[in-house]
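Each value in this text was obtained by applying a stated rule to the coordinates, not by laboratory testing. Values in this document were obtained by computation on a predicted structure and should not be read as measured data.
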Amino acid sequence: MSKFVYVCNYCGEILVANGDENSPRTKEKCSKCGSTLFSGFVSEEVYESMKGRNSQTRWINVKFGKLIPQWEEHKRQGITPTSGETPMPKCPTCGSENIRRISQNERAGNALIFGLYGNKRKYQFECLNPSCGYKW
C-alpha cells in the first residue's frame, strides 16, 4: 500500500496517508478542521523530494491557487465544517448582513435596456440597508 499526500478541501492542511492519487483509503479526518474531504496532491516520495526548496508551497499554489483565499477565510474566522456555521457576506460599507445577490437576469436586462449606461451589469450584490444601498 503506497502513501500519498492529500490537501484538505476545507482548510488546506496537508495529510499523508495510505490510498491512491485521488483519496485516502480510510476515512481520515483533518487534524485542524475535522473535514473528511481531501484532494489528492502527489505521492509521498515526490513530496519528500520537494522539501527544503520551497517547492511544496509553489506546487500547492499552482494546483490549489483558487482555493487558498477560501482556506484563509475559514482559518481567520475559525469556522470548521463541523461547527455548523457558514460565513455570511456583509456589506463592505456599513457591515450590514441585509444584502441580496443581483441576479444574472436582472443584470442582463439592465444592460439590454440601458446599454453602456446600465450600471447593474458590473455588480453582484446590493445592500438593502435604506441608509446605505451600496452595490459591489
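For the pairs Lys66/Lys120; Lys32/Lys120; Lys3/Lys66, note any where the Cα-Cα span goes beyond 29 Å.
Too far apart for the 29 Å limit: Lys32/Lys120.
For Phe38, which sequence-distant residues (separation of 5 or more, or a different chain) have an amide H within less than 5 Å of its own amide H, given hydrogens modelled in the peptide plane?
Asn9
So what are the ³J(HN,Hα) numbers for segment 118-125, from phi and the Karplus equation (6.51, -1.76, 1.60; θ = phi - 60°), rounded to whole Hz, Gly and Pro as x?
After applying 6.51 cos²θ - 1.76 cosθ + 1.60, I find x, 10, 6, 5, 9, 10, 10, 10 Hz.
Looking at the square roots a ≥ b ≥ c of the eigenvalues of the Cα gyration tensor of the chain, which shape do they give, rounded for a/c under 1.5, prolate if a/b is larger than b/c, or oblate?
Since a/c reaches 1.5 and a/b is larger than b/c, the shape of the chain is classed as prolate.
Across segment 25-35, in residue order, what do the Karplus-derived ³J(HN,Hα) couplings come to in whole Hz, using 6.51 cos²θ - 1.76 cosθ + 1.60 with θ = phi - 60° and x for Gly and Pro?
5, 9, 6, 6, 10, 5, 6, 8, 10, x, 5
Which lysines, if any, have their Cα less than 20 Å from the Cα of Lys122, not counting same-chain residues under 8 positions apart?
Lys90, Lys135
Would you compute, from DSSP H runs of 4+ residues alone, the mean residue ellipticity of the chain at 222 nm, taking -39500 (n - 2.57) per run and dividing by the full residue count, rounded to the nearest 500?
Rounded to the nearest 500, it is -8000 deg cm²/dmol.
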